[in-house]
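Just below is one structure, and these are the notes that go with it.
The values are calculated or read from the model by the stated rules, or taken from the named source; none is laboratory data. Given the structure is predicted, the values throughout are model-derived calculations rather than measurements. Neighbour counts run over all protein chains shown; Cβ positions are idealised from the backbone, glycine included.
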Amino acid sequence: MPSKRKKDIIIRDLSIEAIGFEGVAVGRHEEIVCFVKGAVPGDVIDAKVKRKKKKYYECRVEQIHEFSADRVEPPCSHFGVCGGCTWQQLDYDKQLFWKRRNIEDLFRRIAKIEVGEYLPYLFSEYKYGYRNKMEFSFSANRWLTDEEIAKDDEISDKYFALGLHLPGRFDKILNIENCYLQQNAANIILNEVRTQGYAVGMSAYHVTKHHGFLRHLTIRYSLAQDAFMVILTTAEITNDSEMKFVNDICRRLIEIIPNMKSFVHALNISHNAVMIDSYKILHGDEYLVESVCGVDFRISPFSFFQTNSYMLNPFIGKIVESAAIRPDDIVWDLYCGTGSISLPASKSAKSVFGLELSESSIADAKANAEFNGIENCVFSVIDLHGKNATESISQLPSPDVIIVDPPRAGIAQNIIDILLNSDCRRIVYVSCNPATQARDCALLTEKYKVTSILPVDMFPQTYHIESIAILDRIQ
Ligand SMILES: C[S@@+](CC[C@H](N)C(=O)[O-])C[C@H]1O[C@@H](n2cnc3c(N)ncnc32)[C@H](O)[C@@H]1O
């Protein structure tokens, strides 16, 4: 029975049965589904109800009575406060189990699709240190830990932080000293920039008052080159000491990180956190190079690239293999981004048409085609969900195979109609959101059967997953 303490409702001895697609654990109390952040299947807990809805409660762990056998000790000291990787306390095999179970659930139970085969997952050999890009923010509003607040001492650096946002708090930054998702050297870079910036009295940007100099630190890594690119984003330089700091930190990092191949100083003089007005290369090359399935990709400071270096070859290789492209095939790659699928796929096809909304991604895709001497790829900027999309797409040669890799929201109805009306023999639907993928596949079952689904774990320690669905035309 729920017992009341002040205004809180506590559900006693709740058994956690599952962990859902958004990474939230689930238990059941008298027919009411309880979603509990921070719990693990197999735990028995007291849950504090945070929000009460008619059919479900949103809860937090109040106390754990029985710890699940699937729990492991999270290595990261920021775990539980930082919102980065919420599954560190769950054994990796169990992470894979629940990711796959959730995909099956979405297709079988929610979308009611008969899938030919649920293939075993492709898993990441590197459970940590796999990310090739991390973006940290400076803030004039540091998140203070409970211990710091309890000590009641004067906190000297509370107006200077460099780290990650807390979940749901755009205005506060948690100082991150060691992020386990990136390489060790990247943590050295992170700490050096914070220490030096604070030591010489640089100001951190205040996101609501819009003053302060240092804004973001982005660290990119190329596995093929074993090289780092560091991008320091600041507000406009207004005095000599700011100019000196940018040059000094660049020199210092060259000294301590021998494989820092590039240092970029970027300016953002707007209030918008993600804008870049201009940038200058202060050291080394303008781009990193990453190698995927025999294609070399130039990665410039702000271009998109898949974030798990170690899974790039297996993931892209599997997409291309699944497409079963024949030498005379015309392939469409919709939502093609920078061409990380189109360019490797072009090696087996007659020609590939890559369509994408972002002009800069298409510019990167074209540059990468040229860089690799690939001549059978045509890339075009197009809003696939816009009103002229159907007309523009109808001008393309008709496809034998279509690859789609849409954003999390999935495919719009006009593209579903194009897929249904095309004569292509196979669709490879790649998605980082199996919920919208299952919804869209259900709409396509009018003309296609879902032959197989393969989960690919690009994001260990998080609930995120990539899923490759193969759809074959019903004869
Ligand atoms: C999951 S990413 C695909 C990345 C791509 N496969 C790559 O490896 O670079 C989804 C892509 O869809 C693009 N996109 C989003 N909305 C779009 C639209 N309405 N029309 C065309 N492309 C869109 C995004 O810019 C993004 O590059």
Being within 16 Å of the ligand (Cβ to nearest atom), more than 19 Å from Ile325 (Cβ to Cβ) and part of a strand (DSSP E or B), is that true of even one residue in the range 399-417?
-> no
Only one of these is in contact with a His (Cβ under 8 Å, 6 or more places away or on another chain) and not basic (Lys, Arg): Ala442, Ala412, Ala469. Name it.
-> Ala412
Out of (1) within 16 Å of the ligand (Cβ to nearest atom); (2) at pLDDT below 95; (3) more than 17 Å from Ile403 (Cβ to Cβ), what's the single condition that is false for His271?
-> (1)
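Identify, please: which residue in the range 350-366 is touching a residue at least 40 places away in the same chain (Cβ under 8 Å) and over 18 Å from Arg408 (Cα atoms) and is, among those, farthest from the ligand (Cβ to nearest atom)? It would help to see each step written out before you state the result.
Here is the first cut: in the range 350-366, the ones touching a residue at least 40 places away in the same chain (Cβ under 8 Å) are 351, 353, 358, 360-361, 364.
Those left that are additionally over 18 Å from Arg408 (Cα atoms): 351, 353, 360, 364.
Details: Ser351: 18, Phe353: 13, Ser360: 9, Asp364: 9 Å.
If we take residues in the range 350-366 being touching a residue at least 40 places away in the same chain (Cβ under 8 Å) and over 18 Å from Arg408 (Cα atoms), then Ser351 is farthest from the ligand (Cβ to nearest atom).
Here's the yes/no breakdown for (1) touching a Lys or Arg at 6+ places or on another chain (Cβ under 6 Å); (2) among the acidic types (Asp, Glu); (3) at pLDDT 95 or above; (4) more than 20 Å from Ala266 (Cα to Cα):
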| residue | (1), (2), (3), (4) |
| --- | --- |
| Glu148 | no, yes, no, yes |
| Arg169 | no, no, no, yes |
| Asn187 | no, no, yes, yes |
| Asn191 | no, no, yes, no |
| His210 | no, no, no, no |
| Thr218 | no, no, yes, no |
| Lys244 | no, no, yes, no |
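Over 25 Å from Ser124 (Cα atoms), surrounded by 13 or more Cβ atoms within 10 Å (Cβ to Cβ) and within 26 Å of the chain's Cα centre (by Cα): does that describe Val207?
Working: over 25 Å from Ser124 (Cα atoms): yes; surrounded by 13 or more Cβ atoms within 10 Å (Cβ to Cβ): yes; within 26 Å of the chain's Cα centre (by Cα): yes.
So Val207 fits the description; yes.
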Which condition breaks for Ala438 when tested against (1) in contact (Cβ under 8 Å) with a residue 40 or more places away in the chain; (2) within 11 Å of the ligand (Cβ to nearest atom)?
-> (2)
Checked pairs for the range 161-172, first over 9 Å from Phe136 (Cβ atoms), second crowded, with 19+ Cβ neighbours inside 10 Å and among the basic types (Lys, Arg), C-beta under 7 Å and 6 or more apart or across chains, list as Ala161/Arg142
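Could you tell me which of the residues Asp457, Asp472 is buried (at least 20 other Cβ atoms within 10 Å of the Cβ), modelled with pLDDT of 95 or more and touching a Ser or Thr at 6+ places or on another chain (Cβ under 8 Å)? Steps first, answer last, please.
Working: Asp472 fails: buried (at least 20 other Cβ atoms within 10 Å of the Cβ).
That would be Asp457, the only listed residue that is buried (at least 20 other Cβ atoms within 10 Å of the Cβ), modelled with pLDDT of 95 or more and touching a Ser or Thr at 6+ places or on another chain (Cβ under 8 Å).
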Every listed condition ((1) part of a helix (DSSP H, G or I); (2) surrounded by fewer than 16 Cβ atoms within 10 Å (Cβ to Cβ)) holds for Asp383 save (1)
Quick count over the range 228-239, residues being over 17 Å from His211 (Cα atoms) and out of contact with any strand residue (DSSP E or B) (no Cβ under 7 Å at 6 or more places or on another chain), is 0
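Among the residues that make up the range 299-311, is at least one of them of a type in the set (Gly, Ala, Ser) and at pLDDT 95 or above?
Narrowing the range 299-311 to residues of a type in the set (Gly, Ala, Ser): 300, 303, 309.
Filter again for at pLDDT 95 or above, leaving none.
No, the conditions are met nowhere in the range 299-311.
Listed here are the residues, each with its yes/no results for (1) surrounded by fewer than 18 Cβ atoms within 10 Å (Cβ to Cβ); (2) assigned to a helix (DSSP H, G or I); (3) acidic (Asp, Glu).
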residue: Tyr310; (1), (2), (3): yes, yes, no
residue: Asn313; (1), (2), (3): yes, yes, no
residue: Glu321; (1), (2), (3): yes, yes, yes
residue: Ile325; (1), (2), (3): no, no, no
residue: Ser340; (1), (2), (3): no, no, no
residue: Ser348; (1), (2), (3): yes, no, no
residue: Leu355; (1), (2), (3): no, no, no
residue: Ile362; (1), (2), (3): no, yes, no
residue: Pro397; (1), (2), (3): yes, no, no
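Return yes or no: is Gln395 among the polar types (S, T, N, Q), more than 12 Å from the ligand (Cβ to nearest atom) and within 25 Å of Ile110 (Cα to Cα)? So that I can check it myself, show each step before the final result.
Values: among the polar types (S, T, N, Q): yes; more than 12 Å from the ligand (Cβ to nearest atom): yes; within 25 Å of Ile110 (Cα to Cα): no.
Against the criterion (among the polar types (S, T, N, Q), more than 12 Å from the ligand (Cβ to nearest atom) and within 25 Å of Ile110 (Cα to Cα)), Gln395 does not qualify.
Please determine, by comparing only the residues of the range 435-454 that are of a type in the set (Val, Ile, Thr) and surrounded by fewer than 22 Cβ atoms within 10 Å (Cβ to Cβ), which one is nearest to Thr307 (Cα to Cα).
At the first step, the residues of the range 435-454 found to be of a type in the set (Val, Ile, Thr) are 436, 445, 450-451, 453.
Now narrow it down to the ones that are surrounded by fewer than 22 Cβ atoms within 10 Å (Cβ to Cβ): 436, 445, 451.
Numbers: Thr436: 21, Thr445: 32, Thr451: 28 Å.
Once the filter is applied, the top-ranked residue is Thr436.
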